[in-house]
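J.: Below are the C-alpha cells for one structure; questions will follow.
The values are calculated or read from the model by the stated rules, or taken from the named source; none is laboratory data. Note that this is a predicted model, so its numbers are computed, not measured. Don't worry about glycine lacking a Cβ; one is built from the backbone with ideal geometry, like all the others, and counts go over all protein chains shown. Please note that ligands, DNA and RNA were not included when accessible areas were found on the heavy atoms of the full protein model with its side chains. Shrake-Rupley method; radii C 1.70, N 1.55, O 1.52, S 1.80 Å.
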Amino acid sequence: MRISIVVLVLILAGCKSPKKDYDFTFFKWNIHESYYLKFNSSDTLYYIDVYGYNKEESFFTILNKEEKEKMQNILDTITFPKEESFENSKVEDGETNAFVLKSEQKFKKLKIHESGPKQFLLFGKSLDKLKINHQFIKTNKKVDLKEIKKMVIMPMPSGFVIDTLGLKK
C-alpha cells in the first residue's frame, strides 16, 4: 500500500505543467544611465552597466522567491504588440526601453521611446525599481546581449572614422 502511494505521488508530481524557460533582456537608455537587465528563469538577475564610452561592466544579484515568481508570471502573461518599435523620428532626449523575450515557443521584441504600450512602460518602471532595490555583485561573466544589441545599437556606416585629434594616417 505504501509503495503505491509513493508511486502515485511521484506520478502526480511529474504531471505538473512544465515550467517555461525564458531568456529575457531589458534595456534602458536615457541621458543619465544606460544598462541591460538579463533574466533567464533562474533566481539570478544580471545587470550590465554600459553608461559611458565603450564600457560594459557586469553584475549579478539573487532574486528572492516572490520576485522570481512575479517575473515569471509577467513573462508568462505579457502580450507583445505586432509592432516592434514605437519611436518618433526625432529620438532626442527622453528614455528608450527595449524588451527581448525568447522561449521555446516564441521570440518577441519591442523598442519604445517615450510612448508605447502602457503595460510595457509600467513593466520597464518595475524593472528599474527592481534594479534600484538590489545590491549587485561585480562579475567577469560575459552576458549574451547579441539579440537586443541588434535593436538598440546603430551600426557604424562602412568607412566611418572617428578622428578626435585631427590627425590623418
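J.: Quick one: ILE48 ticks every box in (1) out of contact with any helix residue (DSSP H, G or I) (no Cβ under 9 Å at 6 or more places or on another chain); (2) among the β-branched types (Val, Ile, Thr); (3) over 19 Å from ASP128 (Cβ atoms) except a single one, so which number is it?
T.: (3)
J.: Moving on. If I ask for residues that are under 25 Å from GLU66 (Cα atoms) and open to solvent by less than 40 Å² (accessible area, probe 1.4 Å), which ones from the range 82-107 would you list?
T.: Within the range 82-107, ASN97, ALA98, PHE99, VAL100, LEU101, SER103 qualify.
J.: In this structure, is LYS20 charged (D, E, K, R), at pLDDT 85 or above and either over 16 Å from ILE148 (Cα atoms) or in contact with a strand residue (DSSP E or B) (Cβ under 8 Å, 6 or more places away or on another chain) (or both)? Break it down into steps so the answer makes sense when it comes.
T.: Values: charged (D, E, K, R): yes; at pLDDT 85 or above: no; either over 16 Å from ILE148 (Cα atoms) or in contact with a strand residue (DSSP E or B) (Cβ under 8 Å, 6 or more places away or on another chain) (or both): yes.
No.
J.: Residues of the range 108-154 being open to solvent by 90 Å² or more (accessible area, probe 1.4 Å), in contact (Cβ under 8 Å) with a residue 40 or more places away in the chain and either under 14 Å from THR79 (Cα atoms) or assigned to a loop (DSSP other than H, G, I, E, B) (or both), which ones?
T.: Of everything in the range 108-154, those that are open to solvent by 90 Å² or more (accessible area, probe 1.4 Å), in contact (Cβ under 8 Å) with a residue 40 or more places away in the chain and either under 14 Å from THR79 (Cα atoms) or assigned to a loop (DSSP other than H, G, I, E, B) (or both) turn out to be GLN135, ASN140, LYS141, LYS142.
J.: Answer yes if at least one residue in the range 30-43 is modelled with pLDDT under 90, surrounded by 10 or more Cβ atoms within 10 Å (Cβ to Cβ), under 27 Å from PHE80 (Cβ atoms) and small (Gly, Ala, Ser), and no otherwise.
T.: Within the range 30-43 (the criterion being modelled with pLDDT under 90, surrounded by 10 or more Cβ atoms within 10 Å (Cβ to Cβ), under 27 Å from PHE80 (Cβ atoms) and small (Gly, Ala, Ser)), the answer is yes, since at least one residue qualifies.
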